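Encoded as structure tokens, the structure appears first; notes follow it.
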Amino acid sequence: MYVLKNSSGIMEEAMEEELMDATAQTNSTRMFIYPHTGVALATLIKLRKSGVIGASDQIVVVSIAHGSIHYLW
């Protein structure tokens with residue numbers, strides 16, 4: 001909390017349904033992510049919709065755990 005308060009940082013939360021929706025939306029583009037990245041994306045979506053993150057702001061979400069979906073056809 002000290003660093004957050006002293007760096008002009010913000011904190012946001014994501015409910016289970018929000019992170020599941022963000023994960024499903026991302027997985028539908030064939031970018032497979034794990035739920036912890038879904039939390040980051042869900043909060044990103046919330047912050048963008050609320051105007052905390054502007055339309056021209058550049059944002060990077062780092063997902064260190066990832067997978068791939070293999071289709072057999």
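The values are calculated or read from the model by the stated rules, or taken from the named source; none is laboratory data. Because the structure is a prediction, the values reported are computed rather than measured. Note that each Cβ is placed from the backbone with ideal geometry, even for glycine, and that neighbours are counted across all protein chains shown.
Screening Val61 on (1) loosely packed, with under 13 Cβ neighbours inside 10 Å; (2) more than 10 Å from the chain's Cα centre (by Cα); (3) closer than 21 Å to Glu16 by Cα shows it passes everything except condition (2). Within the range 32-55, if we keep just the residues that are surrounded by 14 or more Cβ atoms within 10 Å (Cβ to Cβ), of a type in the set (A, V, I, L, M, F, W, C) and more than 17 Å from Gly9 (Cβ to Cβ), the residue that is modelled with the lowest pLDDT turns out to be Phe32.
Residues that are out of contact with any Leu (no Cβ under 9 Å at 6 or more places or on another chain), part of a helix (DSSP H, G or I) and of a type in the set (A, V, I, L, M, F, W, C) within the range 1-39 comprise Val3, Leu4, Met20, Ala24, listed in sequence order.
Please go through the range 26-45 and pick out each residue that is touching a helix residue (DSSP H, G or I) at 6+ places or on another chain (Cβ under 7 Å) and not polar (S, T, N, Q). Full working, then the answer.
So in the range 26-45, the residues touching a helix residue (DSSP H, G or I) at 6+ places or on another chain (Cβ under 7 Å) come out as 26, 33, 35, 38-39, 41-42, 45.
Correct list: Ile33, Pro35, Gly38, Val39, Leu41, Ala42, Ile45.
If the condition is being in contact (Cβ under 8 Å) with a residue 24 or more places away in the chain and under 15 Å from Ser63 (Cβ atoms), then the range 15-30 contributes Asn27, Arg30.
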